Amino acid sequence: MLAAQATTAPHGFLSPSGIEIAFLLVGLVTLGAAVVTVTTRQLVHAALWLVVALGGLAVEYLLLTAEFIAWVQVLIYVGSVVVLLLFGLMLTKAPIGRSPDADSGNRPVALAVALAAAVALVWVVVDAFRTTWIDLDGAVQGSTEVTGAILFKHWVLPFEALSVLLLAALVGAIVLSRKKEQER
């Protein structure tokens, strides 16, 4: 009787499961990679650490049983965005080694703003999901059917606004690169 109660009793904050421990460890590695990404002075190393950080996010999605979102993370962000960033570095003849102009004197202000934003983000997430637990034995929530239904039912307008914003950024980058070539 006692063994049956132990297996059906809800787990608390101080009795994490193996998946929760793995989630925490992968999260710490991802956080470390993100910190190295923004603090390194070598642009190529920053891009490679970005691959580690984005890959860590994909592993987190897998641990949350959202396989489709994990594959989207790998294919789009790790595969496309980072490759595009590396091609941009190669085509603009950015310095491969240490870049003295990649640093500014605003490091203390940037650190203060980043810490304040991180504290605010953690506060909001903890407050919003304080009593929410993910049921890993229940229905799959990260499937393409569920994700597509949620995306195209509730998030169509933000999704389209983001695509227009990305298109505007692409056009702006092309205009800026053309302007520099004409000035030469």
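Here are a few things to note about the model shown:
- With distances taken between every two different alpha-carbon atoms, the range 12-95 has a Kirkwood hydrodynamic radius of 13.9 Å.
- Gain on full extension, evaluated as 0.36 nm per residue between T92 and L165 minus their Cα-Cα distance, stands at 24.0 nm.
- Once both labels are positioned 7 Å from their Cα atoms along Cα-to-Cβ, the gap between E67 and T147 label points is 1.2 nm.
- Per-residue accessible area (protein heavy atoms, 1.4 Å probe) orders W155, W123 as W123, W155, starting from the largest.
- Residue separation of L176 and Q42 scaled by 0.36 nm, minus their Cα-Cα distance, works out to 45.9 nm of gained length.
The values are calculated or read from the model by the stated rules, or taken from the named source; none is laboratory data. This one's a predicted model, so the numbers in the text were calculated from it and none came from an experiment. All Cβ positions, glycine included, derive from the backbone under ideal geometry; neighbour counts span all protein chains shown. These area figures cover heavy atoms from the full protein model, side chains too; ligands, DNA and RNA do not enter into them. Shrake-Rupley method; radii C 1.70, N 1.55, O 1.52, S 1.80 Å.
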